[in-house]
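Trainee: My questions all concern the structure below.
The values are calculated or read from the model by the stated rules, or taken from the named source; none is laboratory data. What you see is a predicted model, and the numbers here were worked out from it, not measured in a lab. Neighbour counts run over all protein chains shown; Cβ positions are idealised from the backbone, glycine included.
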Amino acid sequence: MDPDLDLRKIRYFVAVAELLHFGRAAERLHIAQPVLSRQIRALEKDLGAELLTRDSHGVRLTAAGTQLLEDSRHLLATAEAARRRVRGASRGPRRLVVGFRAGVVVTRALRAFSADHPDVGVEARRVEWDDQADLILDGTVDIAYVRPPVPERGLTLVPLFTETRVAMLPADHPLAGKPELASADLAGERRLRYSDAGPDDPQIRTIEEKFERVAAGYGITLVPRSVAEQYSRPDITYVPVTDAEPDQVFLAWAANRDSPLVAAFAQAAQAPS
């Protein structure tokens, strides 16, 4: 009979695989390096596969190790989500945490869900582009309204709606007074995006950080129309971009989660307004 996977060994492996150094991994884990080495060898024996190679060039992942690292992150996130839910259940009344991206209004769905489930505490929490999937998978939020890019692995994604996008420009920009724009009008502009900041640019996480950089003249960006409707500043102007690709909003929850509360909220969110 094959042994069950030991999550502690998996955590040890992930530390080594991410750092590619047994000494630094042992320091991160607060254990002795010989203990770490024995645990990795034991894991390899459990799995019947070599996960790491060590030679004069350092530590490297084998093909099996690369696959395990990919699977381990999802496995550990699932375990952490279960731990969070059990702890939450032990503290008292049932609770549902709903994540949402900037611009998305969740009030109608929250009210509809609460009307049918008055015994459930509901909390709305804003998520960002770089943590939206992680917060679902680790159980911090139970279900969330997300925008691309979002990884499909481990998640159930249900398309909710699309919305047009507008250009966010400094108020004194030459194009700021136009009634509408085409993408070609913005061809020479420096674009600010969340996920592809240059090596000399700080990573942009929030819509507020976009505001500051646009207002300061570092570049322009496209945002969903709902963001323009909810956020106004005297030093920022929004102009519709007629041929911009629409923004898609999805409802997302952990694919391995079978929760009546999550299902009920998903139904409320998809109900016609």
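Trainee: Condition check: at pLDDT 90 or above, touching a Gly at 6+ places or on another chain (Cβ under 9 Å) and not in a strand (DSSP E or B). Does Glu27 satisfy that? Step through it out loud before you land on a result.
Mentor: Working: at pLDDT 90 or above: yes; touching a Gly at 6+ places or on another chain (Cβ under 9 Å): no; not in a strand (DSSP E or B): yes.
For Glu27, the condition - at pLDDT 90 or above, touching a Gly at 6+ places or on another chain (Cβ under 9 Å) and not in a strand (DSSP E or B) - is not met.
Trainee: Here are some residues: Ala82, Ala77. Which one is among the hydrophobic types (A, V, I, L, M, F, W, C), out of contact with any helix residue (DSSP H, G or I) (no Cβ under 7 Å at 6 or more places or on another chain) and modelled with pLDDT under 90?
Mentor: Going through Ala82, Ala77 in turn, the sole match is Ala82.
Trainee: Would you say Tyr238 is of a type in the set (Phe, Trp, Tyr) and either in contact with a His (Cβ under 8 Å, 6 or more places away or on another chain) or modelled with pLDDT under 95 (or both)?
Mentor: Details: of a type in the set (Phe, Trp, Tyr): yes; either in contact with a His (Cβ under 8 Å, 6 or more places away or on another chain) or modelled with pLDDT under 95 (or both): no.
For Tyr238, the condition - of a type in the set (Phe, Trp, Tyr) and either in contact with a His (Cβ under 8 Å, 6 or more places away or on another chain) or modelled with pLDDT under 95 (or both) - is not met.
Trainee: Looking at (1) in contact with a Leu (Cβ under 9 Å, 6 or more places away or on another chain); (2) farther than 25 Å from Leu76 by Cα; (3) at pLDDT below 95, find the lone condition where Phe113 falls short.
Mentor: All conditions are met except number (3).
Trainee: Does at least one position in segment 229-248 carry a residue that is out of contact with any helix residue (DSSP H, G or I) (no Cβ under 7 Å at 6 or more places or on another chain), buried (at least 17 other Cβ atoms within 10 Å of the Cβ), in contact (Cβ under 8 Å) with a residue 24 or more places away in the chain and closer than 23 Å to Gly177 by Cα?
Mentor: Initial filter on segment 229-248 (out of contact with any helix residue (DSSP H, G or I) (no Cβ under 7 Å at 6 or more places or on another chain)): 229-230, 232, 234, 237, 239-240, 242, 245-248.
Filter again for buried (at least 17 other Cβ atoms within 10 Å of the Cβ), leaving 237, 239, 247.
In the following step, the residues that additionally are in contact (Cβ under 8 Å) with a residue 24 or more places away in the chain were identified as 237, 239, 247.
Subset that is closer than 23 Å to Gly177 by Cα: 237, 239.
Yes - at least one qualifying residue is present in segment 229-248.
Trainee: Just the residues that are surrounded by fewer than 15 Cβ atoms within 10 Å (Cβ to Cβ) and either outside any strand (DSSP E or B) or out of contact with any strand residue (DSSP E or B) (no Cβ under 7 Å at 6 or more places or on another chain) (or both), please, taken from segment 148-162. Walk me through how you get there before you give the answer.
Mentor: Here is the first cut: in segment 148-162, the ones surrounded by fewer than 15 Cβ atoms within 10 Å (Cβ to Cβ) are 148-149, 151-153, 158-159, 161-162.
Scanning segment 148-162 gives Pro148, Pro149, Pro151, Glu152, Arg153.
Trainee: Take the conditions under 17 Å from Tyr145 (Cβ atoms), out of contact with any Ser or Thr (no Cβ under 8 Å at 6 or more places or on another chain) and assigned by TED's automatic domain parsing to the domain that holds Ser183 and apply them to Ser232. Does it pass? Can you show your working first?
Mentor: Details: under 17 Å from Tyr145 (Cβ atoms): no; out of contact with any Ser or Thr (no Cβ under 8 Å at 6 or more places or on another chain): yes; assigned by TED's automatic domain parsing to the domain that holds Ser183: yes.
It is false that Ser232 is under 17 Å from Tyr145 (Cβ atoms), out of contact with any Ser or Thr (no Cβ under 8 Å at 6 or more places or on another chain) and assigned by TED's automatic domain parsing to the domain that holds Ser183.
Trainee: Right, something else. Among the residues in segment 163-186, are any under 30 Å from Arg73 (Cβ atoms), in a loop (DSSP other than H, G, I, E, B) and among the hydrophobic types (A, V, I, L, M, F, W, C)? Reasoning before the result, please.
Mentor: Quick first cut of segment 163-186, residues under 30 Å from Arg73 (Cβ atoms) only: none.
So far as segment 163-186 goes, no, none of its residues is under 30 Å from Arg73 (Cβ atoms), in a loop (DSSP other than H, G, I, E, B) and among the hydrophobic types (A, V, I, L, M, F, W, C).
Trainee: Please go through segment 203-224 and give me each residue that is under 23 Å from Val106 (Cβ atoms) and surrounded by fewer than 17 Cβ atoms within 10 Å (Cβ to Cβ), ordered by number.
Mentor: Residues satisfying the conditions are Arg205, Thr206, Glu208, Glu209.
Trainee: Please go through segment 42-61 and give me each residue that is surrounded by 14 or more Cβ atoms within 10 Å (Cβ to Cβ) and assigned to a helix (DSSP H, G or I), ordered by number.
Mentor: Within segment 42-61, Ala42, Leu43, Glu44, Asp46, Leu47 meet the criteria.
Trainee: Among (1) at pLDDT below 90; (2) closer than 29 Å to Val141 by Cα, where does Ala32 come up short?
Mentor: (2)
Trainee: Touching a helix residue (DSSP H, G or I) at 6+ places or on another chain (Cβ under 7 Å) and outside any helix (DSSP H, G or I), is that true of Gly103? Spell out the reasoning first.
Mentor: On the way: touching a helix residue (DSSP H, G or I) at 6+ places or on another chain (Cβ under 7 Å): yes; outside any helix (DSSP H, G or I): yes.
Criteria met by Gly103.
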